[in-house]
1. Looking only at the range 64-74, how many residues end up being part of a helix (DSSP H, G or I) and more than 25 Å from the chain's Cα centre (by Cα)?
2. Would you call residue 293 closer than 19 Å to residue 353 by Cα and either modelled with pLDDT of 95 or more or not in a strand (DSSP E or B) (or both)?
3. What tally of residues in the range 328-362 results from selecting those that are surrounded by fewer than 17 Cβ atoms within 10 Å (Cβ to Cβ) and in contact with a strand residue (DSSP E or B) (Cβ under 8 Å, 6 or more places away or on another chain)?
4. State yes or no: is residue 314 more than 25 Å from residue 225 (Cβ to Cβ) and in contact with a Leu (Cβ under 8 Å, 6 or more places away or on another chain)?
5. Which residues, counting only those in the range 34-71, are of a type in the set (Gly, Ala, Ser) and closer than 30 Å to residue 233 by Cα?
6. If I filter the range 330-345 for residues that are modelled with pLDDT under 90 and acidic (Asp, Glu), do I get at least one hit?
7. All but one of (1) in a loop (DSSP other than H, G, I, E, B); (2) touching a Ser or Thr at 6+ places or on another chain (Cβ under 7 Å) hold for residue 238; which doesn't?
8. Tell me the residue from 242, 211 that is surrounded by 20 or more Cβ atoms within 10 Å (Cβ to Cβ) and either among the charged types (D, E, K, R) or farther than 30 Å from residue 77 by Cα (or both), please.
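The values are calculated or read from the model by the stated rules, or taken from the named source; none is laboratory data. Predicted model only: the values in this text are computed from it and were never measured. With ideal geometry, Cβ positions are generated from the backbone for all residues, glycine too; neighbour counts draw on all protein chains shown.
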Amino acid sequence: MTEPPGTAVSSRPAPPPPGAPADAAPPAPGPPTAERVLPLRRRGRLIATAVVLVLVAQIAHGLVTNPFYQWDRFAYWFVRPVILDGLLITLEAAAYSAVLGLLGGIALALARLSGSPVLRAVSWTYTWLFRSVPLIVVLLFLYNFSALYRTLSLGVPFGPAFPGGRRGRRDGAQRADVSPFTALSDPADPRAWADLTVLAGPGAAVAVTGAQRPPDGWELVEGGVGVQLVDTSLRAEHAPEAVRLGAADVPEILELVALTRPGPFLSRTVELGTYLGIREEGRLVAMAGERLRTPGWTEISAVCTHPGHRGRGLATRLVRAVAAGIRDRRETPFLHAAAVNTGAIRLYESIGFTLRRRTTFLFLRTPGGPGEQTG
C-alpha cells in the first residue's frame with residue numbers, strides 16, 4: 001500500500017469494546033489508519049535567512065558600485081607581468097616545498113629508525129627544534145637568510161669552493177660603454193665595494209645608488225638626491241612624427257645630451273632599448289628612450305629637448321610614445337629625476353606619474369686609476 005507524502009501509517013490494533021471480558025480475545029486487526037504529519041514552521045529561520053541574503057546582496061552591490069575600490073586600477077595592476085610573475089613564483093615555491101617536505105620527512109623518518117645513534121640524534125633534534133620554535137621566528141630567519149649567508153658554494157669542506165660552484169654575488173654592473181650604473185647588495189659591506197672594484201676595473205667611473213658616502217680610496221665625482229616616479233595614470237600614445245634612433249644617430253644623440261644634460265648617456269646606451277627622436281629640418285631636436293629594465297618594469301630615460309625648441313610639448317609626446325611601446329609589452333613605465341629638478345618633476349606628475357621614492361646617487365671613480373699607487 002502506498003500513502004501520499006506527508007502521511008504516517010499506524011498499524012496499532014483497535015482497543016477492545018466497552019464491557020468485554022479482560023481475557024476476551026482481541027478483535028481482529030482492522031485496516032491501518034493514516035495520520036498526516038505537518039512540518040514545523042520555523043519562522044525565525046526564514047527571517048534570519050532573509051536578513052543574511054539582504055546583507056550579502058548589499059555588500060556585493062557596494063563592492064561593485066563603490067568608486068573608491070577603483071576596480072579598473074585593480075584589473076590593470078593585477079595583470080601586470082610583475083604580479084603574474086610573483087604569483088607564478090609563489091605557486092612554484094609551494095610545489096617545491098611540498099615535494100622537498102615529503103622527501104625530507106621520509107629522510108628524517110628513516111634516520112629516526114636507523115641503528116646509528118648520530119642519525120637518530122640529528123633527526124630527533126631537527127624535529128624537536130621545528131616543533132618548538134614559533135613559526136613566525138622560522139619565517140623571520142628564512143627571510144633574512146640571504147643577509148646571514150651571502151653566498152652558497154660547493155667545494156671542499158672548510159676549504160675552497162669548486163670553480164663555478166659559487167652562487168651569489170655582492171655587486172653588479174653593466175658594460176662601461178653602455179651605462180655607468182651599478183648595484184650593491186649592501187652599501188655598508190666593505191666586501192661589496194671590493195667586488196665592485198674588481199668588476200669595474202681600476203679608475204672606472206661608476207654610479208652607485210643608496211650609499212651615503214664611498215669608502216676610503218674612492219673618488220667622489222658628483223652626488224645628489226634623486227626621485228623615482230612610476231606611471232599610475234599616464235595617457236600613453238604612439239607619436240607618428242617620432243623616428244627610431246640607432247647606432248648611426250649616436251653622434252647627434254651625444255651632442256644633444258651634452259647640450260641638455262639629461263643624465264648619463266654613453267656611446268652604447270642606445271642599445272639598451274627603444275629610443276625615439278623628433279627631427280626638424282633633419283636635425284635632432286628632442287629624444288627619449290628606454291634604459292634600465294627589470295621584470296615587468298622599464299625606465300624611461302634621456303628625456304631632453306634642444307633649448308631652442310622647448311615649450312612645444314615635444315618631450316611630453318616622446319614620453320607618451322615610449323610609454324606606449326612599454327605598455328604594448330605589458331610592462332609599467334617609470335623614470336628618475338634629480339630632486340632639485342622640480343620643474344621636470346611637476347611636469348611628470350601632471351601627465352600621470354606618481355612619486356614613489358627618494359634615493360641618493362653617487363658618481364664615483366674606483367681606486368687604482370692613473371697616477372694612483374695601489375697596495
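1. 3
2. No, not satisfied.
3. Residues flagged as surrounded by fewer than 17 Cβ atoms within 10 Å (Cβ to Cβ) and in contact with a strand residue (DSSP E or B) (Cβ under 8 Å, 6 or more places away or on another chain) within the range 328-362 amount to 12.
4. Here the answer is no, as residue 314 does not meet what is asked.
5. Once the filter is applied, which keeps residues that are of a type in the set (Gly, Ala, Ser) and closer than 30 Å to residue 233 by Cα, the range 34-71 yields 60, 62.
6. Looking for residues that are modelled with pLDDT under 90 and acidic (Asp, Glu), one finds none in the range 330-345, hence no.
7. (2)
8. One residue alone meets the criteria, 211.
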